[in-house]
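Just so you know, all these numbers are worked out from the coordinates, no wet-lab data involved. Everything numeric here is computed off the predicted structure, so don't read it as measured data. With ideal geometry, Cβ positions are generated from the backbone for all residues, glycine too; neighbour counts draw on all protein chains shown.
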Amino acid sequence: MTDVAPDADFRKNRKLKNALLQHKALTKDGLSERLFGMLFSGLVYPQIWEDPEVDMEAMQLAEGHSIVTIGSGGCNMLAYLSRSPSSIDVVDLNPNHVALNRLKLAAFQHLPDHAAVVHHFAQENTRSNSRSYDRFIAPNLDAKTRDYWNKRGVTGRRRIAAFNRNFYRTGLLGRFIGAGHIVARLHGVKLTDITETRSLREQRQFFDDRIAPLFEKPLIRWITARKSSLFGLGIPPQQYDELASMSEGGTIAPVLRHRLEKLACHFPLKDNYFAWQAFARRYPQPHEGTLPTYLKPELYPAIRANANRVTVHHASFTELLAQKTAASVDRYILLDAQDWMNDRQLNDLWGEITRTAAPGARVIFRTAAEKSVLDGRLADTLLDQWTYHAERSAELNKQDRSAIYGGFHIYERKA
């Protein structure tokens, strides 16, 4: 007797094996999606991780523009107010981000001065912040937002009390950064030491000597080989696959190393508050560096005066645009949201963008990988109505101090 199965049985067994492997992969992906959805239901971004200076340059943002943007941490929306747009519609499906955006707007409108705003959003261990909230901000919030910040957690503290300590260590991203610091310390590296460097050369040496070798450690390679390792950055499984596709081994470690290298080495530390949040878990003191754009003292009067031009919506981008009239919006900021969309969602979104876009309207967005997500996915009838500024997009991508995205993209409505 032969020990080789007949052809029919062999094909049947191979088909069954392939089906089981496919089912296993789908089940694994489904679990990853559900885990990400659960983690993303809370506060994710205490700070937005897109560079507003790049945004405003790319949009050629000017007085009188009508803007629709995703809210996230709210920092960039406030920065845009410094250019005196006619209106800003902020959308976010995460109610935690909606509450944070509304809190920041009320703070600019009702805290006594710029120093009080900086104390609330840039200083750590300022126990008077919750008292300032009670006196100046809370009476001017809608009931739902006020209830959100007054709600007590398992420790008995109100949510607003996070601003008495260090708000940027909270949320999914804050905890993710904290975990990164712990893993680095386990390997003998104290990431906060980079703040003692005094030049780009010293920053480069610190990265090459202390940070880069971490990515060769077995534990870190094992962690970064799992999709869930980047959930703390707000990166869903499909974005992980995009990032992994950029490296030869299909692993995320080389991509993360490259992004962290840009963050640590390409900009003077004193000018990059994103690097301070990543490596020091706080903003710099005045003698150490500059604060985020929306907290700069010279922009405070314009932001405060224009804060009433913002409306925050608990809705999706497409839902909001569907309520707007044709040719009524000048600027659209999509962050990296399209990386999460399927083809139908992408085409529905751009159908509404194209309908509501005023002449010369601009759309900006970021992608985990380098290429635009519209390539090969958006219907030609829509794509043909837009001009892609590829060279300018690449130039500004290099200037983005947050450094965590692979691509930055600018599309302009054709005349």
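Here is how the numbers come out for the structure above:
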read-out	value
Debye, to nearest 20: dipole size of region 279-415, +1 on Lys, Arg Cβ, -1 on Asp, Glu Cβ	500 debye
Linear extension gain, THR381 paired with ASP193, 0.36 nm per residue minus alpha-carbon span	62.4 nm
HN-Hα J in Hz across region 289-300 - Karplus 6.51, -1.76, 1.60, θ = phi - 60°, x for Gly and Pro	x, 9, 8, x, 3, 5, 9, 5, x, 5, 9, 4
In Å, descending, principal axis extents of the Cα set of region 134-231	51, 35, 21
For q = 0.14, 0.16 Å⁻¹, Debye-computed log10 I/I(0) when each Cα of region 249-399 counts as one equal scatterer	-0.98, -1.16
Per-residue HN-Hα couplings for region 183-191 [Karplus 6.51, -1.76, 1.60; θ = phi - 60°; Hz; x = Gly/Pro]	4, 4, 5, 4, 9, x, 10, 9, 4
For region 348-354, 3J(HN,Hα) per residue [Karplus equation, 6.51 cos²θ - 1.76 cosθ + 1.60, θ = phi - 60°, Hz, x = Gly/Pro]	4, 4, 6, x, 6, 4, 5
Extension gain, LYS296 back to ARG152 (0.36 nm per residue minus Cα-Cα distance, nm)	48.7 nm
Linear extension gain, ALA322 paired with LYS371, 0.36 nm per residue minus alpha-carbon span	14.9 nm
Under-5 Å amide H pairs with VAL312, H placed in peptide plane, nonlocal only	VAL90
Subset of LYS217/LYS270; LYS270/LYS398; LYS104/LYS144; LYS324/LYS371 violating a 21 Å alpha-carbon distance limit	LYS217/LYS270; LYS324/LYS371
